Amino acid sequence: MDTTRLRKRIEAAAGRRPVDLLLENANLVNVYTGRLEKVDLAVADGFVVGFGRRPARHKIDLGGRFVAPGLIDAHVHLESSLTCPAEFARAVVPRGTAAVVADPHEIANVLGLSGIRYMLETSKCLPLEVFLSLSSCVPATGMETAGARLEAEDLEPLLGHRRVVALAEMMNFPGVIAADPGVLAKVAAAMRAGKPIDGHAPGLSGKSLHAYLAAGIGSDHECTTAAEAQEKLAAGMHIMIRQGTCARNLEQLAQVVDERTCRRMMLCTDDRHPHDLMDDGHMDAVVRQAIALGLDPVMAIQMATLNTAEYFGLRQMGAVAPGRRADLLVLEDLKNFKVAQVYHGGRLVAEAGQLVAGLETDSGVSVGSPMNIDPDKLDFSVPAAGGRLRAIQVVTNQVVTGCRIEKATVVDGQVVSDPGKDLLKLAVIERYRGSGGMGKAFVSGLGLQSGALASTVAHDSHNLVVVGASDADMRQAVVRIVEMGGGLVVVDKGKILAELALPVAGLMSNRSLEKVRRGLDDLLAAAGGLGCCLEDPFMSLSFLALPVIPELKLTDRGLVDVNRFELVSIFAD
């Protein structure tokens, strides 16, 4: 901090020099006291410097409108917006998001350190504070092939970066519990740097949970039931309540929030797709839904601001008070939580839902998209080696899956998709090394009656995932994905019905959010026309390859029983 600037800020606070901006007649949402307070709000040098009337270069009478701190997303993967950071900012800043704690886990699994550096560079000059939690599990497990491997010695130099605020979700909870040396080295590096360690422990309980917490892990965003959240709170964890596109846990967990627990709880989105960002919003939508579920509005705002700022050590953010950055929201009312104006560092950056500040969209940094697959060498056939299948059961609006035991449909000695039984063939194809590695299984719950869907957005290693009613359409979908250099596609009877190219690591587009959303809408409409019953099948499809969330998942190595943390046969005989 420049001492000259600091002196001027102090003088403005003391009334010895005019402030830059005075917001008069405001109803302040005070997240420290939990109350609403009528104030005149003074801003100088981008910071709140006090309350009360004083000389000002610029005055605005708010006429009793509400002023709240800018919202902070406690855990998000920017890549899930399918757009680059600048376009993400253009979508969320007018909605009131002042900062995000982003885990670049997806692009790190594809490109390693160059992917993390890409996210840091392309997000540094935005009207949105983008902090990173450093990806801890690249790859997430040893049961899949990722594009990179990051060890403690790779991560440690980045832990000193100004915008790296934590070690990201430690997904390898079995590795923590087993005291795996490589896992513990990452935890120890974060501890030395004084950074919090985020958790990822779906369903973990009892002594296993205690062993996980003994490693110093401080938070979890994977709770799906009130009982799970209560046990973790009682054991000392901070709970991030997730309300994203695929996983929506707010309704279940809101019942845990009260005056005794609320200061240990935060709100986050984790993954939010373009149509939700544009139609429903970002953190404003989560706060709005929390209020609709009966949470006190000030408490809900506190969980999306101060709690998150304090957990991550963002000492200048999260509240409207002297010495805090003037990241401010002006609201017409608290119940509907509609954002009228957004100030970033004391500067008006958005009004009436539109960004009014300039946005630097070309950072000069680019990355590629590994796509080392020869479709002609792929064999989608599944020889019948048993009569019953372990099928992955999709759970609507959740990233967890079930296990469905189903009689195999066999034609000429091969197990085939059977749309009549809602049983489709699923494949995950390694795309980095050209190994031709492919895991094959069956999935239920998508509802597809014909055709195929394919994507290179496939958590966590982001190999190519394809599901279909016929092998021929699955192959055609793979061909088109390879031609595009990554993306999403819908195929039926050999014809491309819809597609969206994602040339940035096979995860993100460099086009506008509106164009990405239109492409995604075309994809969803095409999938729905083929009988798919899910609201967003591509989001659900992307999590079918995630071998750290129960119960069954598929990687390029094969079918994973996550509860046992081992590869299993697709046949249950």
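For the reader, a short list of remarks on this structure follows.
- 5 angstrom amide H check on Thr555, placed H, neighbours 5+ away: Val560
- Classification of the stretch 375-568 by its C-alpha gyration tensor yields a rounded form. The axis ratio a/c (a ≥ b ≥ c) stays under 1.5.
- By the beta-carbon count within 10 Å of each Cβ, the least crowded to most crowded order of Leu348, Leu23, fewest first, is Leu348, Leu23.
- Distant-in-sequence amide H partners of Cys84 (H built 1.01 Å from N, under 5 Å): Ser509
- Counting DSSP beta bridges with both ends in the chain, the antiparallel % (nearest 5): 70
- Residues whose amide H lies under 5 Å from that of Val415, counting only those 5 or more places away or on a different chain, are Val382, Ala384; hydrogens are built 1.01 Å from N in the peptide plane.
- Multiplying the residue separation of Ala234 and Tyr32 by 0.36 nm and subtracting their alpha-carbon distance yields 70.4 nm.
- Here Cα extents along the principal axes in Å was calculated from the structure, and among (1) 88, 49, 43; (2) 87, 67, 41; (3) 77, 62, 51 it sits at label (1).
- Helical content alone sets the calculated 222 nm signal of the chain at -7000 deg cm²/dmol, taking -39,500 (n - 2.57) per DSSP H segment of four or more residues and averaging over every residue.
- Residue list for the stretch 35-66, given a label point 7 angstrom along the Cα-to-Cβ vector of Glu332 and an amide N cut-off under 13 Å: 65-66
All of the numbers you see were taken from the coordinates with simple rules; none came from a lab. Quantities reported herein were computed from a predicted structural model and do not represent experimental measurements. Counting neighbours? That spans all protein chains shown, and the Cβs are built from the backbone with ideal geometry, glycine included.
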